[in-house]
Amino acid sequence: MNRFAAIFAGTAKPLIAMAHLPALPGTPLYDAGAGVQGIVDQVSEEVAVLVDAGFDAVMFCNENDRPYELNAGPEAAAVMARVVTECRPDSVPFGVDYLWDSRIALATAVATGASFMREVVTGVWESDMGLWNTNAAHTLRERRRLDNDDLAIFMNVTPEFASPIGDRTPAQIARSTVVSSLADVILVSGPMAGAEPSARTLREVRESVPDEVPVMLNTGAREDSIAELLKIADGCIVGSSLKVDGSTWNRVDPVRARRFVEAARA
């Protein structure tokens, strides 16, 4: 089953824009004055801007829940599900991500009818969040148990804010992830949000996995470099460079969003 092709039929190099949620309840940066309704209002506005700019899909993410946690509570899934349900676009597919708990991402995806989710589900990592151990077997079994086999799982093999325990290269990890963890899509990231991976790493990963498994640029996509990187990657996920002044933590800039899509299409 090629879940990616089913979602993006007829789209050669999908452009997926991030809809970054303001901090969720219980996290250090949460705006209690605005409340959850404030999160819904902001995300709804920004999703409309991203769809109008011409992106092929939108992905919701709790980007502002710094510092991130590896085992989130049930309130995270509940609020994510409310925001995504109220803000999901009608005209393009959407996905979800939760930094960094695949259980929350999967629960939100199932509850909202998302087409895909993004997560780190393979390997053991040393990270800003401490020692990070993942469980691809559990994630894929939960997808089956919850009767959501059409949900594509995008697997990040070079996660931000982390490095692997061991000496395998990104290309070796990617190939193993496809074979042993049944990845629908392989994602290649830079060292942190908004940072670009090297073109060499992206190329080596693309060459290491079968052609039918897409390899996408996950961070660092910019207007001035996206055309070259899309000669290697099968699409991209972009967030930071669409924001005011190119800062991850700012609001979406409609002009930057439109110019990015124009550069990628060209």
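Could you check how many residues of the range 13-50 are surrounded by 15 or more Cβ atoms within 10 Å (Cβ to Cβ), over 19 Å from Pro254 (Cα atoms) and polar (S, T, N, Q)?
Qualifying residue count, the range 13-50: 1.
What number of residues within the range 148-184 are modelled with pLDDT under 95 and at positive phi?
2
Give me the pairs, please: first residue somewhere in the range 180-204 and surrounded by fewer than 15 Cβ atoms within 10 Å (Cβ to Cβ), second residue anywhere and of a type in the set (Ser, Thr, Tyr), beta-carbon distance under 7 Å, and either six or more positions apart or on two chains.
These pairs meet every condition: Ala195/Thr219.
From the residues in the range 2-44 that are touching a helix residue (DSSP H, G or I) at 6+ places or on another chain (Cβ under 7 Å) and in a helix (DSSP H, G or I), which one is farthest from Pro210 (Cα to Cα)?
Among those that are touching a helix residue (DSSP H, G or I) at 6+ places or on another chain (Cβ under 7 Å) and in a helix (DSSP H, G or I), it is Val36.
Can you list the strands (runs of 3 or more DSSP E) found entirely within the range 120-222 that contain at least 3 residues being touching an Asp or Glu at 6+ places or on another chain (Cβ under 9 Å), of a type outside the set (Lys, Arg) and farther than 23 Å from Ile7 by Cβ?
Those strands (runs of 3 or more DSSP E) span 162-164.
If only one of Thr11, Thr27 is β-branched (Val, Ile, Thr) and more than 24 Å from Arg103 (Cα to Cα), which one is it?
Only one candidate passes the filter, namely Thr11.
Looking at Ala53, is it among the hydrophobic types (A, V, I, L, M, F, W, C), without any contact (Cβ under 8 Å) to a residue 12 or more places away in the chain and either surrounded by 18 or more Cβ atoms within 10 Å (Cβ to Cβ) or more than 25 Å from Phe161 (Cα to Cα) (or both)?
Taking the combined requirement at face value, the residue does not satisfy it.
The values are calculated or read from the model by the stated rules, or taken from the named source; none is laboratory data. Model, not experiment: these values are computed from the prediction. Note that we place each Cβ from the backbone using ideal geometry, even for glycine, and neighbour counts take in every protein chain shown.
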